[in-house]
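**Q** Below is a structure I'd like to ask you about.
The values are calculated or read from the model by the stated rules, or taken from the named source; none is laboratory data. This is a predicted model, so every value here is computed, not measured. Please note: Cβ atoms are built from the backbone with ideal geometry, for glycine as well, and neighbour counts cover all protein chains shown.
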């Protein structure tokens with residue numbers, strides 16, 4: 001009752017509180033490039049403000065501003081087509097001065113579930129980029145925006161914000177918001193797919209007039225990971241959840257259409273539709289007028305046409321919604337994929353130590369009784385499958401907690417990496433004969449021991465270890481099966497993971513079925529020690545690989561420290577032979593101490609800053625750190641300077657690198673000694689880069705400039721680079737290059 | 001009438017208790033709030049509901065005064081509100097449950113700006129029918145009644161006073177919901193005023 005009373009009290013005081021907040025919220029530092037927030041999230045579920053990329057209007061003919069909406073956790077606001085119940089954000093600019101046009105941009109939406117309704121919009125936070133054209137360039141612009149939007153979770157609150165932002169006359173210095181506005185601008189779907197490496201392939205209609213299906217195909221320069229499509233059309237047509245079939249770089253969506261007002265027939269043939277493909281941070285928009293049978297899937301992808309590829313029904317939220325049509329793959333097919341994927345994992349390079357442990361266990365069984373062999377291998381099978389079930393439970397748990405999940409995400413955890421490296425080191429030491437452990441000695445104490453053999457629990461845990469080590473590997477079929485499972489319910493996740501486990505355990509299962517294969521091997525003897533030593537090298541190689549992962553993810557210093565500690569572990573074991581037995585008791589303590597230190601290392605040592613100031617060579621192009629002050633001096637010595645501003649979220653920048661800068665004639669040209677390539681990384685806000693962009697009246701990227709004797713102030717290149725444009729600009733920059741490049 | 005006798009006896013008992021123990025007694029007669037309607041907030045005193053007229057779908061006008069003498073359950077909603085849409089079918093069942101009770105009226109108030117056309121399409125699609133349907137596209141009623149978020153279901157007593165409301169979705173065809181409505185139907189206006 002008390003909370004109810006509070007809730008109602010809150011309801012009554014909303015209006016008053018919003019006004020107080022509006023008055024007190026004015027003190028945050030925003031260098032004048034933002035309006036006040038119109039409320040506080042303590043009182044209302046959402047708030048809005050106007051932000052600008054510049055502190056003044058300068059002589060810009062186009063000003064970049066944005067409406068930023070912040071929502072209470074769990075609340076959503078809507079895209080221009082809400083999908084389910086909802087309404088889009090709208091703005092009234094009444095009262096603004098020196099405002100000619102304001103072009104409102106919609107960043108690509110995400111699909112979410114509001115109480116069982118598939119909806120499209122934005123969760124927690126969004127910035128809508130807006131391009132303002134002033135009537136008079138150089139004159140102050142006063143923006144008065146009434147923003148109407150909807151915030152929904154378990155309740156819906158229609159919001160109305162009156163926002164005021166004055167952009168004074170004077171220099172257009174970049175504001176602290178330039179980077180963020182550009183990040184959201186980068187998410188606005190493009191119509192020219194080349195900008196983002198996506199391509200619209202075609203569309204057509206399938207099915208019947210009372211249950212039509214819109215088929216839409218896209219391709220990409222890189223394999224699709226998690227594509228989704230949003231279809232918009234006349235208001236009388238309602239589009240259901242898309243079903244997707246994926247074949248590497250090709251995806252075909254099948255979207256059911258029905259009459260939004262309950263009519264039997266759906267008038268869709270030839271209707272103008274707008275489709276938006278979203279794949280990670282990139283998005284492409286295409287206009288289509290689909291006709292019956294107007295598109296041939298077989299010509300694009302025989303695999304998809306013949307029912308192959310991956311079928312992922314009911315994108316986004318799990319639910320019924322009749323998504324299990326014939327077009328997608330059945331769960332049975334996916335289970336077969338999972339089984340195959342698990343089997344193929346056995347021969348993949350990252351499973352080297354897995355193989356070696358398996359080989360070892362096979363060797364260990366040489367000359368043993370068939371019964372012993374069978375039970376031992378079955379225990380390993382159980383270990384493998386149990387580990388997969390644990391992984392499945394983790395995935396289900398993380399999914400329920402709203403976390404992003406994927407195959408091998410635990411490798412992003414430094415502590416997990418340290419644990420795996422430590423285990424590998426211990427195994428390697430064991431195989432070198434530096435110390436004797438029965439495999440379970442580390443993890444289990446009451447092992448059921450057979451004379452001289454490895455215990456059942458040992459077999460079980462070696463199986464689990466196999467699974468853990470296999471997780472960073474992505475074999476064919478594997479991602480397909482897991483991708484399917486992740487978009488489905490709990491049952492599917494467990495089924496697919498179990499099938500993967502059975503696949504990975506297949507060699508063990510075979511040996512358990514035909515134990516004679518092993519018992520015919522020679523009895524364990526001195527030859528086995530040699531085999532062990534060879535196999536231990538595979539373990540060390542894996543540990544080194546994990547260290548390199550750690551170096552990339554945490555820092556080189558941390559990885560080196562952990563590596564040194566592992567050498568200490570090996571040395572402690574090695575020295576044990578030379579110290580008195582009494583002191584030998586200190587060995588486990590010393591090892592434990594080193595292990596604890598290793599686990600503490602990622603927390604104790606600083607993480608490396610992104611791209612520390614060094615030269616990075618990618619595809620023969622040597623990118624120097626960004627240093628605009630050095631440019632005049634370089635030009636005076638006859639060099640040509642190519643400045644490339646990029647960011648992880650800037651897909652077009654990445655496309656430019658892969659399609660133009662790092663291939664062919666351009667890469668060879670940029671590799672020349674008389675050309676200096678500077679890379680500025682704007683992934684995170686950076687005042688120097690923002691100020692540099694502003695000197696060209698730019699407040700966003702991609703941005704590339706060529707400096708030379710003939711173009712000392714820099715020649716800017718188009719956003720979407722072409723080899724021709726880059727080579728011409730380089731040639732025009734200096735007389736020597738003009739001759740060299742022609 | 002029997003209820004009022006009980007209520008009268010209750011008051012007497014309360015006075016007697018207060019005299020005897022000098023403590024303010026909480027009387028047993030409180031609305032049953034549990035389960036799927038646990039977020040219902042009963043007011044200490046009825047708050048007079050606004051009597052601003054709203055348009056009906058046949059072009060007329062109606063106010064809560066037209067339902068005076070009945071217990072009115074009023075649902076504020078909109079087609080753009082997911083949680084509202086979700087509970088709509090359960091409200092239809094609630095309306096049906098009390099259909100034969102002349103003391104009961106069920107009214108829905110839509111905030112849709114798209115007007116009757118949009119509401120009619122929605123009802124057709126979901127195969128629902130609410131005879132007492134009002135349009136509040138300008139928030140003429142929602143504002144004075146402090147309906148800032150949706151959905152809201154409010155209960156108005158026979159004297160035109162709002163006795164409580166629930167903000168957010170609920171299952172209105174659940175036994176708890178029906179018990180709650182029945183409580184106010186059994187009441188003749190003595191609640192919260194003693």
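**Q** Tell me, which residue of segment B:39-69 that is touching a helix residue (DSSP H, G or I) at 6+ places or on another chain (Cβ under 8 Å) and assigned to a loop (DSSP other than H, G, I, E, B) is nearest to the other protein chains (Cβ to nearest Cβ)?
**A** Per the stated criteria, the residue is B:39.
**Q** Moving to a separate point now. Hey, which of the strands (runs of 3 or more DSSP E) in segment A:32-97, taking only ones fully inside, have at least 2 residues that are in the same structural domain as residue A:167 (by TED's automatic domain parsing) and closer than 30 Å to residue A:170 by Cα?
**A** Fully inside segment A:32-97 and qualifying: A:46-52, A:63-71, A:90-92.
**Q** Still on this structure, I have one more. Take the residues of segment A:98-139 that are part of a loop (DSSP other than H, G, I, E, B) and in contact with a strand residue (DSSP E or B) (Cβ under 6 Å, 6 or more places away or on another chain): which is nearest to the other protein chains (Cβ to nearest Cβ)? Give the steps one after another, and end with the answer.
**A** The first filter runs over segment A:98-139 and keeps only residues part of a loop (DSSP other than H, G, I, E, B), leaving A:98, A:105-109, A:115-116, A:124, A:135-139.
Okay, now just the ones that are also in contact with a strand residue (DSSP E or B) (Cβ under 6 Å, 6 or more places away or on another chain), so A:98, A:105, A:108-109, A:124, A:135.
On the way: A:98: 31, A:105: 22, A:108: 21, A:109: 15, A:124: 17, A:135: 31 Å.
If we take residues in segment A:98-139 being part of a loop (DSSP other than H, G, I, E, B) and in contact with a strand residue (DSSP E or B) (Cβ under 6 Å, 6 or more places away or on another chain), then A:109 is nearest to the other protein chains (Cβ to nearest Cβ).
**Q** In segment A:219-263, which residues are in contact with a helix residue (DSSP H, G or I) (Cβ under 8 Å, 6 or more places away or on another chain) and crowded, with 22+ Cβ neighbours inside 10 Å?
**A** Matches in segment A:219-263: A:245, A:246, A:252.
**Q** So residue A:737 ticks every box in (1) surrounded by 21 or more Cβ atoms within 10 Å (Cβ to Cβ); (2) within 30 Å of residue A:173 (Cβ to Cβ) but one. Which box is left unticked?
**A** Here residue A:737 meets the rest and fails (2).
**Q** For segment A:140-160, which positions are away from chain B (no Cβ under 14 Å) and assigned to a strand (DSSP E or B)? Steps first, please.
**A** Residues of segment A:140-160 that are away from chain B (no Cβ under 14 Å), as a first pass: A:140-147.
Correct list: A:141, A:142, A:143, A:144, A:145, A:146, A:147.
**Q** Search segment B:134-167 for residues being in contact with a helix residue (DSSP H, G or I) (Cβ under 7 Å, 6 or more places away or on another chain) and within 30 Å of residue A:237 (Cα to Cα), and hand back the single one that is nearest to the other protein chains (Cβ to nearest Cβ).
**A** To start, the set of residues in segment B:134-167 that are in contact with a helix residue (DSSP H, G or I) (Cβ under 7 Å, 6 or more places away or on another chain) comprises B:135, B:137, B:146, B:148, B:150-151, B:155-157, B:160, B:163, B:166-167.
So of that shortlist, the ones also within 30 Å of residue A:237 (Cα to Cα) come out as B:135, B:137, B:150-151.
Details: B:135: 16, B:137: 12, B:150: 5, B:151: 7 Å.
Going through the qualifying residues, I end up with B:150.
**Q** Looking only at segment A:653-682, count how many residues are out of contact with any strand residue (DSSP E or B) (no Cβ under 8 Å at 6 or more places or on another chain) and under 18 Å from residue A:183 (Cβ atoms). Break it down into steps so the answer makes sense when it comes.
**A** Here is the first cut: in segment A:653-682, the residues out of contact with any strand residue (DSSP E or B) (no Cβ under 8 Å at 6 or more places or on another chain) are A:655, A:658-660, A:663-666, A:668, A:672-673.
Right, trim to under 18 Å from residue A:183 (Cβ atoms) and you get A:655.
Counting residues in segment A:653-682 that are out of contact with any strand residue (DSSP E or B) (no Cβ under 8 Å at 6 or more places or on another chain) and under 18 Å from residue A:183 (Cβ atoms) gives 1.
**Q** Separate question: Has segment A:75-90 got any residue that is more than 14 Å from chain B (Cβ to nearest Cβ) and either more than 23 Å from residue B:87 (Cα to Cα) or in contact (Cβ under 8 Å) with a residue 12 or more places away in the chain (or both)? Write out each step before concluding.
**A** Of segment A:75-90, the ones more than 14 Å from chain B (Cβ to nearest Cβ) are none.
For segment A:75-90, residues more than 14 Å from chain B (Cβ to nearest Cβ) and either more than 23 Å from residue B:87 (Cα to Cα) or in contact (Cβ under 8 Å) with a residue 12 or more places away in the chain (or both): absent.
**Q** Could you check how many residues of segment B:167-194 are on the phi > 0 side of the Ramachandran plot and either at pLDDT 95 or above or surrounded by 22 or more Cβ atoms within 10 Å (Cβ to Cβ) (or both)?
**A** Residues of segment B:167-194 that are on the phi > 0 side of the Ramachandran plot, as a first pass: B:168, B:189, B:192.
Keeping just the survivors that are either at pLDDT 95 or above or surrounded by 22 or more Cβ atoms within 10 Å (Cβ to Cβ) (or both) gives none.
Looking only at that region, the number is 0.
Here is a yes/no grid of residues against (1) at pLDDT below 80; (2) in contact with a strand residue (DSSP E or B) (Cβ under 7 Å, 6 or more places away or on another chain):
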| residue | (1), (2) |
| --- | --- |
| A:446 | yes, no |
| A:466 | yes, no |
| A:487 | yes, yes |
| A:506 | no, no |
| A:510 | no, no |
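**Q** Of everything in segment A:31-60, what is surrounded by fewer than 20 Cβ atoms within 10 Å (Cβ to Cβ) and farther than 19 Å from residue A:181 by Cβ? Give them in sequence order.
**A** Matches in segment A:31-60: A:40, A:41, A:42, A:43, A:59.
**Q** Separate question: Would you point out which residue out of B:107, B:72 is without any contact (Cβ under 8 Å) to a residue 60 or more places away in the chain, under 15 Å from the mean Cα position of the chain (by Cα) and more than 12 Å from chain A (Cβ to nearest Cβ)?
**A** One residue alone meets the criteria, B:107.
**Q** Within segment A:273-341, considering only strands (runs of 3 or more DSSP E) that don't extend past its boundaries, which have at least 3 residues that are at pLDDT 50 or above and more than 13 Å from residue A:246 (Cβ to Cβ)? Steps first, answer last, please.
**A** On the way: elements: A:273-279, A:282-288, A:310-312.
Correct list: A:273-279, A:282-288.
**Q** Please go through segment A:87-103 and pick out each residue that is within 30 Å of the chain's Cα centre (by Cα) and surrounded by 16 or more Cβ atoms within 10 Å (Cβ to Cβ). So that I can check it myself, show each step before the final result.
**A** Residues of segment A:87-103 that are within 30 Å of the chain's Cα centre (by Cα), as a first pass: A:87-89, A:103.
A:87, A:88, A:89 - these are the residues of segment A:87-103 that are within 30 Å of the chain's Cα centre (by Cα) and surrounded by 16 or more Cβ atoms within 10 Å (Cβ to Cβ).
**Q** Pick from segment A:264-275 the residues that are more than 14 Å from chain B (Cβ to nearest Cβ) and buried (at least 21 other Cβ atoms within 10 Å of the Cβ): which of them is farthest from residue A:228 (Cα to Cα)? Explain how you work it out, then say what you get.
**A** Residues of segment A:264-275 more than 14 Å from chain B (Cβ to nearest Cβ): A:265, A:267-275.
Add one more test, that the residue is buried (at least 21 other Cβ atoms within 10 Å of the Cβ), and what stays is A:268, A:273, A:275.
Working: A:268: 21, A:273: 16, A:275: 10 Å.
That would be A:268.
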